[in-house]
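Following: one structure in structure tokens, then a few remarks.
The values are calculated or read from the model by the stated rules, or taken from the named source; none is laboratory data. All values derive from a computational prediction rather than experimental measurement. No Cβ is skipped: glycine too gets one built from the backbone with ideal geometry, and neighbour counts run over all protein chains shown. Each accessible area value is taken on the protein alone, full model and side chains, heavy atoms only, with ligands, DNA and RNA left out. Shrake-Rupley method; radii C 1.70, N 1.55, O 1.52, S 1.80 Å.
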Amino acid sequence: MKFFLDTAHVPHIREAAELGLLDGVTTNPSLLSKEEGEPRELVREIAKLVEGPISAEVVTLDAEGMVREGLEWAKMASNIVVKIPMSIEGLKAIRTLSKQDIKINCTLIFSPIQALMAAKAGASMVSPFVGRLDDIQIPGMELIQQILEIFANYEVGTELLVASIRHPLHVLEAARMGADIATMPWAVFQSLAKHPLTDIGIERFLADWEKVKNRP
Ligand code: G3P
């Protein structure tokens, strides 16, 4: 499973990239609004920093405007993936842009058939939001299972990108189900490497070494 960071915070992106564990980045207008500076410049900087796909979202609601914005994003760097929200207008824009070989991430997916429609329109990734479903007491990971099942039934090549991840269990379940990508906040990314027994184990080994290191 590929690890993406769901952030526009360059220091975190740089640190994960240096670790060699970062396969891509997803941004959105809310994430960009949390950072300083001109948002397009920020996306350009991120696209230089990471080789993998960088999602950048359109903010118009009609297909024509989405296509115009999508073309602008795609011109910025070869690894930009245009993020288009699920809607009838969005589907039209996905069709037009994908025919021009522009990679699309269809976002704000909350039902399995929305995912199938986005894939049929030509999206190369779909982003179901698991955390926001959990927030309203609908199990988000069930949506992932259903999309995977449908994509397997019809051998759909679109990648399933699990989004709105809130905790490490979302990542574990996504990996067990065979999702293609998990995009996560920095805090979740960091927590994946941690285990309290690992910390206790390190402490114990170091303490025992202290006891013997000066033995003749
Ligand atoms: O990738 C989508 C993600 O940013 C949404 O996350 O936590 O706002 O639901 P959240």
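Please compute P(r) over all alpha-carbon pairs of the stretch 1-97, binned at 5 Å starting from zero, and give each bin as a whole-number percent. Values per bin, smallest distances first: 3, 14, 25, 22, 18, 11, 5, 2. Take every Cα-Cα distance within the chain, group them into 5 Å bins from 0 onward, and report for each bin the whole-number percent of pairs it holds. For the chain, the pair-distance distribution reads 1, 7, 15, 17, 18, 15, 10, 5, 3, 3, 2, 2, 1, 1, 0, 0. The angle between the Cα long axis of helix 112-121 and the longest principal axis of the Cα atoms of the chain comes to about 60 degrees, rounded to the nearest 10. Expressed as a whole percent, the accessible area of the stretch 1-145 that falls on carbon and sulfur atoms is 53 (1.4 Å probe). In the context of the full set of protein chains, the chain has a per residue accessible area of 55 Å² (1.4 Å probe). Placing dummy labels 7 Å off each Cα toward the beta-carbon, the span from Ile150 to Leu169 is 2.6 nm.
Give me the number: length gained by fully extending Asn214 to Ala187, i.e. 0.36 nm times residue separation minus the C-alpha to C-alpha distance, one decimal in nm. Don't skip to the end; give the middle numbers.
On the way: separation 27, 0.36 × 27 = 9.72 nm, distance 3.95 nm.
Full extension from Asn214 to Ala187 adds 5.8 nm.
For the stretch 2-213, the residue among Met86, Ser164, Trp186 whose Cα projects farthest onto the positive side of the dipole built from Cβ charges is Met86. Considering only Ile147, Ser30, Thr60, and ranking their Cα positions along the charge dipole of the chain that arises from unit charges at the beta-carbon of Lys, Arg, Asp and Glu, the one farthest toward the positive end is Ile147.
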